[in-house]
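The values are calculated or read from the model by the stated rules, or taken from the named source; none is laboratory data. Just so you know, these numbers come straight off a predicted model, no measurement behind them. Using ideal geometry, Cβ is built from the backbone for each residue, glycine included, and neighbour counts are taken over all protein chains shown. To get the accessible areas, we keep the full protein, side chains included, count just its heavy atoms, and leave off ligands, DNA and RNA. Shrake-Rupley method; radii C 1.70, N 1.55, O 1.52, S 1.80 Å.
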Amino acid sequence: MPGPMILVSDFDGTITQHDFYRLIIQTGLPPETPDFWSEYLAGAITHFEAINKTFGAAHLGEARLTEIAAKMEPEPELGKCVDSLIRAGWSLVIASAGCLWYIDQILTRAGVGAEVEVHANPGSVIDGRLVMTLPVNSPYYSAQTGIDKKAIVESALSKGGVVAFAGDGPPDVAPALLVEPRFRFARGHLAAELTRLNEPFQPFSRWAQVAETLVRETNRP
């Protein structure tokens, strides 16, 4: 394939089976916690605020938060998949509206390092709560989600090569629509929305399927 080959991938619910956000909710928030997601859907707060306020309501301590991150079930062969993509000539860019705090932990455990470009919201545990901050100095800053995935895909496309996208959530719809259907991988909400829009895509259940398809596409005569 001519030009650079770039896979832009969401993280929570895409590279992992579970969203950290949903695991936090399932762990048990105080009963008086507002439904921040409904407030977001109603347009009262941003996507970033809904996630960050939910994290902030969970006063669990760093050890417990680390345990929850370990339950996100990342792709079991993540390191192997990343290696195979790189050997096939693909670059991997992780674009997440979640938090770098747990993403870094998971990538490190999988043996994935500087060979992967990661754009996510910075965060740290303060007084037992995970607190995210807006990445205002990022070239892909978005006040709505923290990281603008659509801008990341647009930047990749501007390099003149081939761009693939994999995702599962509401912020993934716009970036997914920018890439060719054969390089558009979706599940969950994203798959449902693309189906509603009558937009073709490649379904997947494990992130390894995304990597395997792209490697196979690269090696096609």
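Out of the DSSP beta bridges found with both residues in segment 87-135, what percent are antiparallel (nearest 5)?
So the antiparallel bridges amount to about 50 percent of the total.
Restricting to the chain, compute how many DSSP beta bridges are antiparallel as a %, nearest 5.
Bridges in the chain that DSSP calls antiparallel: roughly 25 percent.
Which percent of Cα-Cα pairs in the chain sits in each 5 Å bin, short to long?
Cα pair-distance distribution for the chain, in percent: 1, 7, 15, 19, 21, 17, 11, 6, 3, 1, 0, 0.
Could you tally the net charge around Thr27, taking each other residue with its Cβ under 10 Å from the Cβ of Thr27, Lys/Arg +1 and Asp/Glu -1?
Within the 10 Å Cβ shell, the charges total +2.
Keeping the other protein chains in place, figure out the carbon and sulfur percent of the accessible area of segment 20-148, with a 1.4 Å probe.
About 52 percent, which is the carbon plus sulfur part of the accessible surface.
Kindly report the accessible area of the chain per residue (heavy atoms of protein chains, probe 1.4 Å, no ligands, DNA or RNA), in Å².
46 Å²
Rounded to two decimals, what is Rg over Rh for segment 1-99 when you use alpha-carbon atoms and the Kirkwood radius?
1.08
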